[in-house]
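Laboratory data are not the source of any read-out in this text; all were calculated from the coordinates shown. Please read these numbers as outputs of a predicted model, since none were measured by experiment. Neighbour counts are summed over all protein chains in view; Cβ atoms, including those assigned to glycine, are modelled from backbone coordinates with ideal geometry.
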Amino acid sequence: MSMTTPPGWYADPGVPGGERWWDGSGWTAHTRSVGAAAVPQPYQQGYQQPHQPPYQQAPQQPPPAGRSRSMVLGAVAAGLMLVAAIVAGVTLLGDDGTKTVPRSAPTTGEPAPGPTGGSDDETPTAEPTADPTVLVDQLNGITLPIPDDWEKSDSIVDRAVTMTTVADYECPGQKSRYCRYGRVMSSTATQTDAATPEALAKEDIQDASDALYDEDSIGNAYYGGVTSHTVVKSGAVTVAGRTGYLVRWKVKTGSGPGGYVQSLAFPSTIGAESLIVVRFAFDADPKGPPLSGMDTITKGIRAIGDTTGGVGSSIGPS
């Protein structure tokens, strides 16, 4: 024989500490707190004064199909109020009566730190600020000193890292463009059969002259093209502890005062010791950098990690 739970006040399955009226077939919207004074039970058809059934007959869990819409809304509202209280960082009182703030509530106007994705030891740190006095060629493992009144360039020419004078002027061959008084670029020597720094420097100087003072890769002749050149210096030189070689030309151009171009070649300090070539271009204009700056930069080239000097040399435009 099946047993039907009679109507009465039972523990509210949706609100701890409360009671809800069971009408014999389902939960109703009538609720009260546990221990509240006796109040008349809701009128239900067939029961004028239902009595409280023995506790052993009361359902321990709510009947699956009897939960009313009001009961569900009440549970959801209670849950939302709890979440809102946690997010807002409700002020709590400690054992000593002082106010404490939950850890979930930030104590400053700055956002709380997010997850780091690992242990405390793996917390990433900000990259150090790049040294404005050093041009770093990571590929070739060297640094070059950036002189006063020079700056690193964002321009990448033939995969080279580049620095230029800060000052510029209207190009003598194309007034609508602007040229720099000095340029230096470092790159790995490619597409060459040169086996020694001397062979590479002597081979590269013509290409350097063409690229820096004659025409660029799309035919722009910012200096009116190179009309002639004179060798002003060549010979072995020590670069970053390695024996290198340099060739320097003075070039005349179709427009403007011309300039000096230099190819410096030396073995890399890392890897398979491939050859590095550094190209220099200093305008012969009185506002251009002094020619001695080429030697100063050459002497200041270092292997990455070598901090024995060579930075911040004063060879800016005169």
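Structure notes:
- Stretching residue 191 away from residue 303 to a fully extended chain increases their span by 37.9 nm, per 0.36 nm per residue minus the current alpha-carbon distance.
- Likely footprinting exposure, 185, 163, fewest C-beta neighbours within 10 Å first: 163, 185
- Stretched out straight at 0.36 nm per residue, the stretch from residue 131 to residue 233 would grow longer than its current Cα-Cα span by 33.6 nm.
- Near-label residues of the stretch 203-228 by backbone N, under 15 Å of a point 7 Å along Cα→Cβ of residue 287: none
- Ranked by the mean number of other Cβ atoms within 10 Å of their residues, highest first, the peptides 9-19, 277-287, 257-267 fall in the order 257-267, 277-287, 9-19.
- Within the shell defined by Cβ-Cβ distances under 11 Å, the residues around residue 146 carry a net charge of -3, with Lys and Arg each +1 and Asp and Glu each -1.
- Interchain or long-range residues, amide H under 5 Å from residue 223's placed H: 173
- Which of 249, 21 has the fewest Cβ neighbours within 10 Å, and the rest in rising order: 21, 249
- In plain terms, the chain from residue 220 to residue 199 could stretch by 4.7 nm, reckoned as 0.36 nm per residue minus the Cα-Cα distance.
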